[in-house]
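Note sheet for the following structure.
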Amino acid sequence: MTQKALKVSPVTQKAFAYVLSALVYTVGCTSPPSEDISIERDAISIEDGLINGVSVGANGMVRAYLGIPYAAPPVGERRWLPPQPVEPWRDTLETTQFSPGCMQDALPVPADADPFFGAGATEFDEDCLYLNVWSAAKSNAQLPVLVWIHGGGLVVGDGAEKASNGASLAARGAVVVTINYRLGPFGYLAHPLLREESEHDASGNYGLLDQIAALQWVQRNIAVFGGDPDRVTIFGESAGSWSVNYLMATPLTRGLFAGAIGQSGGVFGPLASVIPRDVAELAGQHLAEATLGPFGEENRHQVVTLDGLRLAPAEDLLGAAATPRRANSDGWIMPDSENYVFPTRPHIDGWVMPDSVRNIFAAGLQNDVPVIVGANADEGTALRALGQTEGITTVDQYREQARQQYGALADAYLAVYPAATDAEVVPRLIDSLGDGAFVWEMRTWARMMETVSSPAYLYFFTRVPPAVDSDLYGAYHTAEIPYVFNNLVGGSRYWYANRDYDETDRELSEVISSYWINFAASGNPNKDDLPEWPAYTHEADISMALGDTVQAKQSIRKKQLDFFDEYYGAQN
């Protein structure tokens, strides 16, 4: 069999997925946020039946409808099918608690932790296709709608995370929706047998299809909650931002949203790029064999059936996807890799994804809607937290690593990430990891919007949340999320958790959340007395710096990002 090779960035796919997993998965409770609540007894009618909600906040002005089914449970014979219609219900449905999260290999968090990604699902189930709505509006008020897609490397996370609670944004004049979608092997398993049963000659991409089904539900139902179906903006962070990027590229989302916001995650480079169908299906075959029996060459010819796979315990699938194994003789993963890890990402299936995101944008075939995109100043500190700089501590080791990784471009790399002393090595590694995996992606996204007529607005988040470890982590990956949702709270010992936010943080949160709501309302973040945010152009290269001060700045990290233009350009 012809060998396959996945392109990767300086961070391996396995390490990158676990970085995102550690950042965005924590445990909380299945009840609504820790604020005054009461059951809202005035039921409202959506397409599938009546629902009751929850009044949240001290004044009860915001109503939350939690755990609304938007698709049938993807269980049994519906495992690895596109999302199917909901079975209407006759009695009033109490949508007063979050649903279970989708099946995932969850990372444990101490019970007394209160990280700002907490208050998410504590239970996980394949029956997980539910969404949540927050609104302070009356029916048919036609407010702008913000639909949040959670991050987590497409392997963990859920729509109930505390930082993305929509009550604060809803109180400020938006209707907010958060969703669950299938993850890991449940959301992205491709297999020839699944393709054979598909009317579209396609398999995999089920998590992406779930997101599309949720957006279709929003179009059909959001007016009842006071939202305007013509003013829907999708937004997400990390893998949620990847998802926004995919949703802009797929032809299946035409007319489902009017704007898009991507926070620290794009798929134009090789790290998270859409993979070919034969690569995805080969990975799926390996996973199927590993699920039904021991992984290895002795299982090459074992009979795999869809019935067998659909009867397999969910935990077996998760274990097969997450457990490292020696690469087998097909060698489809990196030739120098020692371990096989299931690649959880969309692939080019000819239906959901007809081509790579980069090619679709380059041809101007993406959804022509305005975007806000951006990244944080210290994205790479999260990678260091999981040991991604171990073993490279001296200048000699650093230069050797540069030669191995960048080849003929090593000198160019060392010129923009210089380390003259051993003490400078780890900071330069952290900077380059963050720039290459996140900051470059977002500038590229803004630039590739020049193939269509809609504008792009580029930001760079620089505020260092106050805490005892702020010097270590800076403006880390995910730091902007509570500012966006206006959900600043304090108190926890975990580096990724709540911070002792002060008045500067609260003022910044007011500005950022206002930009996001204005954008959802009009496709332009500017309004009233907010600092003017210019639309991005390649020539001017202006970003909005969101930090201790909010101001437009030119050519942020230009030399470093230009290096990655050259490096990734040689790989694409």
Fill in: Condition met for Ile360 (modelled with pLDDT of 95 or more and either over 30 Å from Trp440 (Cβ atoms) or in a helix (DSSP H, G or I) (or both))
yes
Worksheet item: With respect to Pro33, is the statement that it is at pLDDT 55 or above and crowded, with 18+ Cβ neighbours inside 10 Å true?
Response: no
Worksheet entry | Single condition Gly207 does not satisfy, out of (1) in contact with a Lys or Arg (Cβ under 7 Å, 6 or more places away or on another chain); (2) farther than 16 Å from Ala71 by Cα | (2)
Item to complete: Considering only the stretch 250-285, state which residues are assigned to a helix (DSSP H, G or I) and crowded, with 24+ Cβ neighbours inside 10 Å.
Response: Ala280, Ala283, Gly284
Worksheet item: If you scan the stretch 196-212, which residues turn out to be outside any loop (DSSP other than H, G, I, E, B) and surrounded by fewer than 22 Cβ atoms within 10 Å (Cβ to Cβ)?
Response: Glu196, Glu197, Ile212
Worksheet item: Do any residues in the stretch 116-130 that are modelled with pLDDT of 85 or more have Cβ atoms under 7 Å from those of residues that are of a type in the set (Gly, Ala, Ser), where the two are at least six apart or on different chains, and which pairs are they?
Response: Phe124/Gly101; Phe124/Ala106; Glu126/Ala314; Cys128/Ser99; Cys128/Gly101; Leu129/Ala71; Tyr130/Gly67; Tyr130/Ser99
Worksheet item: Could you count how many residues in the stretch 53-89 are modelled with pLDDT under 95 and farther than 21 Å from Ser139 by Cα?
Response: 1
Discussion item. It is to be established whether one or more residues within the stretch 229-249 are in a helix (DSSP H, G or I), charged (D, E, K, R), touching a residue at least 40 places away in the same chain (Cβ under 8 Å) and out of contact with any Phe, Trp or Tyr (no Cβ under 6 Å at 6 or more places or on another chain).
Written reply: no
Worksheet item: Which of (1) hydrophobic (A, V, I, L, M, F, W, C); (2) farther than 26 Å from Leu208 by Cβ; (3) modelled with pLDDT of 75 or more does Ala385 not meet, given it meets every other one?
Response: (3)
Item to complete: Only residues that are of a type outside the set (A, V, I, L, M, F, W, C), under 21 Å from Val439 (Cα atoms) and surrounded by fewer than 16 Cβ atoms within 10 Å (Cβ to Cβ): list them for the stretch 501-546, please.
Response: Pro534, Thr537, His538, Glu539
Worksheet item: Taking into account only those residues within the stretch 199-222 that are polar (S, T, N, Q) and under 30 Å from Ile46 (Cα atoms), which is farthest from the chain's Cα centre (by Cα)?
Response: Asn221
Worksheet entry | Count - residues of the stretch 50-94 that are of a type outside the set (Gly, Ala, Ser), closer than 23 Å to Gly207 by Cβ and part of a loop (DSSP other than H, G, I, E, B) | 13
Worksheet item: Counting only residues that are over 30 Å from the mean Cα position of the chain (by Cα) and of a type in the set (Gly, Ala, Ser), which one in the stretch 273-304 is modelled with the highest pLDDT?
Response: Gly293
Discussion item. Conditions first: (1) more than 30 Å from Gly319 (Cβ to Cβ); (2) in contact with a strand residue (DSSP E or B) (Cβ under 8 Å, 6 or more places away or on another chain); (3) not charged (D, E, K, R). His286 passes all but one, so which condition is the exception?
Written reply: (1)
Discussion item. Looking at the structure I just gave you, is Val224 touching a strand residue (DSSP E or B) at 6+ places or on another chain (Cβ under 6 Å), at pLDDT 95 or above and either in a strand (DSSP E or B) or under 20 Å from Ala249 (Cα atoms) (or both)?
Written reply: no
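This table checks each residue for (1) in contact (Cβ under 8 Å) with a residue 40 or more places away in the chain; (2) of a type in the set (Lys, Arg); (3) more than 16 Å from Asn165 (Cβ to Cβ); (4) crowded, with 18+ Cβ neighbours inside 10 Å.
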| site | (1), (2), (3), (4) |
| --- | --- |
| Gly49 | yes, no, yes, no |
| Asn52 | yes, no, yes, no |
| Gly67 | yes, no, no, yes |
| Ala72 | yes, no, yes, no |
| Gly76 | yes, no, yes, no |
| Pro82 | yes, no, yes, yes |
| Val86 | no, no, yes, yes |
| Phe98 | yes, no, no, yes |
| Cys102 | yes, no, yes, yes |
Practice prompt. Could you pull out every one of the helices (runs of 4 or more DSSP H) wholly within the stretch 373-453 that has 1 or more residues that are in contact with a Lys or Arg (Cβ under 6 Å, 6 or more places away or on another chain) and either crowded, with 19+ Cβ neighbours inside 10 Å or without any contact (Cβ under 8 Å) to a residue 60 or more places away in the chain (or both)?
Written response: 410-416, 425-434
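The values are calculated or read from the model by the stated rules, or taken from the named source; none is laboratory data. As the structure is a computational prediction, the values presented were derived from the model and not from experiment. Cβ: placed from backbone, ideal geometry, glycine included. Neighbour counts: every protein chain shown.
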